[in-house]
Each structure stands twice: as C-alpha cells, then as structure tokens.
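Notes follow once the structure below has been shown.
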Amino acid sequence: MTPIRVFDNATAGQLRRIVFTAALLGLAAGTCLAQSAEDLRITVGKSIVIDYPGDIRQISTSNPEIVDANPVTTREILMSGKGLGSATMVVWSKSDQRMFYNVTVELNLDPLRRILQDTFPSEKIDLHSSRDSISVNGTVSSKDVADRAVALSATFAKTVVNNLTVAPGPVDKQILLRVKFAELDRSTAQQYGVNLLSNGALNTLGGVTTGQFGGANSVTPTNTPSANGTVSAGTISVTDALNIFAFRPDLNIAAFIKALEEQDVLQILAEPNLVTTNGKEATFLVGGEFPVPILQGGAAAGAVTIQFKEFGIRLLFTPQLTGNNTIKLALRQEVSTIDVANAVTLQGFLIPALSTRRAETNVELAEGQTFVVAGLMDNRETEAMNKIPIISSIPVLGALFKSKIERKNNTELVMLVTPEVTEALGPNDPKPQPNFPKEFLKRLEPKDAQPAKSGGKK
C-alpha cells in the first residue's frame, strides 16, 4: 500500500501542478485580452453600432452613467455616450469568448472646430478634450488671435488650457516723432510817478510822495543864520533819482519823476526727437527737479523727508500703426515753470508753486504730416496805483500826486508734431557723426611723428 499511496501522492501532486499551471495560463490569457482591448471614442449624446463577430450572450459596462450598451440583434450592439469620462465594456459570446472595449466619451468639438475655422481660416488650431476640459493647440500669428480663440473655446467647456504658440512676427517698425516747442513770452510794464521835495521854499521843509517810488529820498533840515534871523533850510539826500531829477535853486524845490515803459520778448525753443516701436510709449523731459519737504506720519511722525518734483517741457506719446498706412498718436504735452510768487512757506521751508500748461490729444496722421497744438495762452494783467487823497482828485494838477505800475504778461505755447516711420541703419550703412567746429581727436600717422632729438654734444 505504501507504494500505492506514494503513487497516489505523486499523482495528486501532479494534478495540483496542472491546476496551478492552468490558472496561470488563464490569468495570462485574461491579461493578454485586457491589453488587446479596442479603444473607442464617442461624443456626448451620440450613439454608434458595433458589429460583433459572434452571437452575443451578455454585455457589461463599468460605469453605466458614462456608457450605455444594449444588444439590438444577436450580433449588433448599440452603444451611447451619456456622460464625460472613460469606461470599460465587456462582451461575452455564446461560445464563451469575450472582448474588451476601452470607451472614452468626450465633448463634441465639431461645432467649435467649424467656428474657429470660419473665424481664423489661415490659422492652424487643433482641439483636444479630456472630460470637461479643452486643450487648444497649434501656432497662431499673434497674441490677439490666441486670446480670441481661447475666449471662443471657453463657451464649450469649463476649463480651457491655452497651448497656442505665437509665431515670431516681423521686426516692429520704429516711429520717429519730431516735435518743436515754441514759447513766446511778451511782457509790458509801465511805471509813472512824481515825488516833490522842498529844502526851504517859502521857509518850509518837506516833500510830497505816494511812497510807491523813491521812498528813501529825504530832506535833512539845517538852520541858516541871516540878517533877518534864522532861516529854515535843508539838505536833500538822493538815494533813488528815479528817471528824471530836476532842481530849482532859486525856488528850493526838487522833483523826481518816474516814467518808464518796458517791453520784454522771450522765446524758448526745444526740438526733441523721439523714437519708439509700434504701440510702445516714449517720454521726453527737458527741465529739472526741485526739492519738496514731506512731513512723515506714523512711527516717524514729525520727521521731514525730501522728495523731488519734475518741471520743464515734458512729452509723452504712444504711436499705433493702422491698416490704412496711417499713424494714430496718443499725445500728452506739458510745460511747467517754477512760480515763486505763489510759493508756500511751511516750517521755514519755501515750497515754490508750479505754473503748468498741459494738453492731451489723440490724432491720426499720415507719415510726414504735421499737426499744430496752439492756443495754450496765459494772459495776466496787474495794476497798482497809489495817490494822495483830495489833492490827487484835482484836474490836471492831481496827476502830480498819483503814481501807478501797470504790467501785462502774454505767454503763448505752440507745438508742432510730425510722425515718421523709420528703419534702423544696416551694418554697412554710413554712420552719422556729430558736427564739430574743428577736427576732433585727429588720427596721427607714423609720418606725422617728429624724430626725437638726440641729447649730448659730439
């Protein structure tokens, strides 16, 4: 019996090996079938019919909310996409054969592809979807096209991934702006006044003045003895003779007359040339900066710091080339000067004011055309009059007891702007050089060198 049991044991061991081997083969076969599954792609809301090679016994899907599959006949399967995502469908035949299908349900991108093709016919835009996301791929000609394509895609999905690449475009054109600032300042001043002094006329010392001019002129009394007694007299101290000084010794009367007319003409001209690329801002400033004390707060309360404010002639412009071969200009110009007359004193600091004229405009010009910004005018008139009451109201004679100052300032700013499209010089083009009144850094040749003198006596 022992050999038989041994045989029986040997036979049982062989059977266990066979069953284990069959299980491994079945697992390997299932793995091979899973790896050889077919990939199917359908869109949400659409259905397809699959022709199966054998009679269908059973159909199963891993997620019925994504894929719905039903046998129509013994060898036809109707499959519909119900939701976004992925699922696996397994089909068994009556001959115990099974087949796996990896089904992906994605968005219907055909309407979006037609819209992008009609909107951008010359662009290469490709669409891919994953669940509720769209990936926009390809190469476009400009960033504006890419932004518009993404905006259109955003209406079809919750998430849009922009993988568009902007093709390198041509070199941006350079725009040269030639500007001329002309400021004309006309000032007119009129001054008139009379001061009368007596150094002993009618035995009286004194003077008549409005105090507006020559207030420092004075009479110092002196007593002069005579046969009839002491006579009052005086010495005139002249510190400001004004314009006209007249003295009558026989009458002991002096007159100081102020009669001036002043006319000033000031012209300031600046011609800045600015170059920038299409759509980029350029700025220009000719002037300076002045310090302004700033009172600090918080932890540094009471401390004073200094900030600098700019003033002068400022120009900012942004050019834009159009399809009509014109140039659109967003232009801002400003002329500011320090105004000490309206300055403010704060804690011992004199803070000057700024007299500013500013203009902003948008124009469209062809290359080489010029437009003028004028009318930036500043007219000021001031008049100051001093007079002696009652006496100054006497006709004709009262004019001697009045004095006045009249000033008129007329300032006008004119600006001429000419845009041009320019190109950079090539490597072989002659380079412009500044004009020097004399030759600068003259190059010495060997023949120009003078021989050194030998030292010593022979």
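Assess whether residue 266 counts as being assigned to a strand (DSSP E or B), surrounded by 10 or more Cβ atoms within 10 Å (Cβ to Cβ) and at pLDDT below 80. Before you say what the answer is, go through the steps one by one.
Details: assigned to a strand (DSSP E or B): yes; surrounded by 10 or more Cβ atoms within 10 Å (Cβ to Cβ): yes; at pLDDT below 80: yes.
Yes; evaluated as a whole, the condition is true for this residue.
Provide a single number: the residues in the range 318-346 that are under 25 Å from the mean Cα position of the chain (by Cα), under 19 Å from residue 289 (Cα atoms) and hydrophobic (A, V, I, L, M, F, W, C).
1
State all residues of the range 281-317 that are within 17 Å of the chain's Cα centre (by Cα) and in contact (Cβ under 8 Å) with a residue 40 or more places away in the chain; if no residue qualifies, say none.
282, 284, 315, 317, listed by residue number.
For every residue, the table says whether it meets (1) farther than 28 Å from residue 46 by Cα; (2) part of a loop (DSSP other than H, G, I, E, B); (3) among the β-branched types (Val, Ile, Thr).
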{"site": "112", "(1), (2), (3)": "no, no, no"}
{"site": "126", "(1), (2), (3)": "no, no, no"}
{"site": "137", "(1), (2), (3)": "no, no, no"}
{"site": "146", "(1), (2), (3)": "yes, no, no"}
{"site": "149", "(1), (2), (3)": "no, no, no"}
{"site": "156", "(1), (2), (3)": "no, yes, no"}
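List the residue pairs whose Cβ atoms are under 7 Å apart, where the first residue sits in the range 42-66 and is over 23 Å from residue 94 (Cβ atoms), the second is basic (Lys, Arg), and the two are 6 or more positions apart or on different chains.
65/82; 66/82
Looking at the structure I just gave you, is residue 435 out of contact with any Pro (no Cβ under 6 Å at 6 or more places or on another chain), over 30 Å from residue 320 (Cβ atoms) and either modelled with pLDDT under 75 or exposed (fewer than 10 other Cβ atoms within 10 Å of the Cβ) (or both)?
Values: out of contact with any Pro (no Cβ under 6 Å at 6 or more places or on another chain): yes; over 30 Å from residue 320 (Cβ atoms): yes; either modelled with pLDDT under 75 or exposed (fewer than 10 other Cβ atoms within 10 Å of the Cβ) (or both): yes.
Taking the combined requirement at face value, the residue satisfies it.
Take residue 150 and tell me if it is modelled with pLDDT of 90 or more and open to solvent by less than 40 Å² (accessible area, probe 1.4 Å).
On the way: modelled with pLDDT of 90 or more: yes; open to solvent by less than 40 Å² (accessible area, probe 1.4 Å): yes.
In short, yes.
If you scan the range 37-63, which residues turn out to be within 15 Å of residue 106 (Cα to Cα) and either open to solvent by 20 Å² or more (accessible area, probe 1.4 Å) or basic (Lys, Arg) (or both)?
Of the residues in the range 37-63, the ones within 15 Å of residue 106 (Cα to Cα) are 39-48, 63.
Hits for the range 37-63 are 39, 40, 41, 43, 44, 45, 46, 47, 48, 63.
I'm checking my understanding of the structure. Among residues of the range 303-318 that are polar (S, T, N, Q) and at pLDDT 85 or above, which one is least open to solvent (accessible area, probe 1.4 Å)?
318
Mind listing whichever residues of the range 319-368 are hydroxyl-bearing (Ser, Thr, Tyr) and either open to solvent by 70 Å² or more (accessible area, probe 1.4 Å) or outside any strand (DSSP E or B) (or both)?
322, 345 - these are the residues of the range 319-368 that are hydroxyl-bearing (Ser, Thr, Tyr) and either open to solvent by 70 Å² or more (accessible area, probe 1.4 Å) or outside any strand (DSSP E or B) (or both).
The values are calculated or read from the model by the stated rules, or taken from the named source; none is laboratory data. Remember, it's a predicted structure, so these values are computed and weren't measured experimentally. With ideal geometry, Cβ positions are generated from the backbone for all residues, glycine too; neighbour counts draw on all protein chains shown. All accessible areas refer to the heavy atoms of the entire protein, side chains included, with ligands and DNA or RNA removed. Shrake-Rupley method; radii C 1.70, N 1.55, O 1.52, S 1.80 Å.
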